[in-house]
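The values are calculated or read from the model by the stated rules, or taken from the named source; none is laboratory data. It should be emphasised that the depicted structure is a prediction, and the values quoted were computed from it without experimental measurement. When we count neighbours, we look across all protein chains shown, and the Cβ atoms used for this are built from the backbone with ideal geometry, even at glycine. Ligands, DNA and RNA are excluded from the accessible area calculation, which covers all protein heavy atoms including side chains. Shrake-Rupley method; radii C 1.70, N 1.55, O 1.52, S 1.80 Å.
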Amino acid sequence: MTDERSTDFGFQRVPPEDKARRVRGVFDSVADHYDLMNDLMSAGAHRIWKRFTLALANLRAGQRALDVAGGSGDLAAGLARQVGERGLVVLTDINAAMLRRGRDRLINAGCVGNVEYVQADAQSLPFPDGSFDCITIGFGLRNVTDKAAALKSMHRVLKTGGQLLVLEFSTPVAPGLKPMYDAYSFRVLPWLGGLVAKDADSYRYLAESIRMHPSQEVLLDMLRAAGFGQARYHNLTGGIVAVHRGCKL
């Protein structure tokens, strides 16, 4: 029987107030190797998934975008190119080490003047209602303690007519893919994390967190419950990853 006063941290059940601390510890540990590990873990496919997400954003010059749990800033950099000098992108992350890494990468890439950085919790975003034309969250929602609260918070700060794009690992749907994906996730990923980042446990958690994340249809229902209209999703790489979209009507 599940304790309603607990939440998942990978396959463990922990008090809700403890999950954020543990997730922070994971990303404090992996921040320095985050980009290299993304390339190794996905064989570079994460770049294709992010390009697809950015194509869906399709922002115009002068618009405003928010990248939540933005990690090292890949999506934010693409959004900054779309909105141009007259626009604004705000990159947020609850983890200070990841936010610093994202800021440094974006500055080195020449993204200055139209990007701001805010350390913030996705569950209670510190922005006025209706602030952004588009919100993205890439591979971050599964680490949020209260996903429903985060979706409602993002809905609140989105402008009417704006869209949310959730890029996240999901449930494989291609025939025969799941057994191979499980073997890779639980054998190769921790080994790779131990070899490169010297932290097998954090990558074991990341593999477990993917399995605990809502399926495509469940997350679709969660977007609708948070108030998003025209909600739908796109499966990528056989459902290993999905992009969920919702509009504020």
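I'd like the chymotrypsin sites (Phe, Trp or Tyr not before Pro) in the stretch 1-109 restricted to DSSP loop residues with at most 16 other Cβ atoms within 10 Å, sorted by number.
When the chymotrypsin sites (Phe, Trp or Tyr not before Pro) of the stretch 1-109 are filtered for loop state and at most 16 Cβ neighbours within 10 Å, Phe11 remain.
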Requested in this report: Sort Leu223, Leu88 from largest to smallest accessible area, using a 1.4 Å probe on the heavy atoms of the protein chains.
Outcome: Leu88, Leu223
Report task. Relative to the compact-globule scaling 2.2 N^0.38 Å, provide the ratio for the alpha-carbon radius of gyration of the chain. Result -> 0.96
**Report entry** Per-selection Kirkwood Rh - the stretch 112-168 (Cα, Å, 1 d.p.)
**Finding:** 11.9 Å
**Report entry** Counted charge near Pro214, where neighbours are those whose Cβ lies closer than 12 Å (Asp, Glu -1; Lys, Arg +1)
**Finding:** -1
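Compare the peptides 17-26, 165-174 by average per-residue count of other Cβ atoms within 10 angstrom and give them in order, highest first.
On the way: 17-26: 15.9, 165-174: 21.3.
Descending packing order for the listed peptides: 165-174, 17-26.
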Requested in this report: Would you please classify the overall shape of the stretch 95-221 from the alpha carbon gyration tensor, given that a ≥ b ≥ c denote the square roots of the eigenvalues, rounded means a/c under 1.5, and beyond that prolate means a/b larger than b/c while oblate covers the rest?
Outcome: oblate
Requested in this report: Please grab the % of Cα pairs in the stretch 178-249 that end up more than 21 Å from each other.
Outcome: 42 percent
Report task. Can you send over the solvent-accessible area of Met222, 1.4 Å probe, protein chains only, in Å² to the nearest 10? Result -> 50 Å²
Query raised in the report: For the pair Ser6 and Arg47, what calculated FRET efficiency results from E = 1/(1 + (r/R0)^6), where r is the Cβ-Cβ distance and R0 = 30 Å, to the nearest 0.05?
Result: 0.25
Report summary line: In the chain, taking the dipole from +1 charges on Lys and Arg beta carbons and -1 charges on Asp and Glu beta carbons about the Cα centre, the listed residue (Val118, Ala20, Asn143) farthest towards the positive end is Val118
Query raised in the report: In the chain, carbon and sulfur make up what percent of the accessible area (probe 1.4 Å)?
Result: 54 percent
Report summary line: the stretch 56-128: spread of alpha-carbon positions along the three principal axes, whole Å, largest first, is 29, 29, 21
Report summary line: Here the Cα Rg-to-2.2 N^0.38 Å ratio for the stretch 1-90 is 1.40
Report task. Starting from the residue with the highest accessible area, list Ile240, Ile107 in decreasing order, probe 1.4 Å. Result -> Ile107, Ile240
Query raised in the report: For the chain, with every protein chain kept in place, what is the accessible area per residue (1.4 Å probe, Å²)?
Result: 46 Å²
Requested in this report: Between the alpha-carbon centers of the stretch 122-147 and the stretch 60-120, tell me the distance in whole angstrom.
Outcome: 14 Å
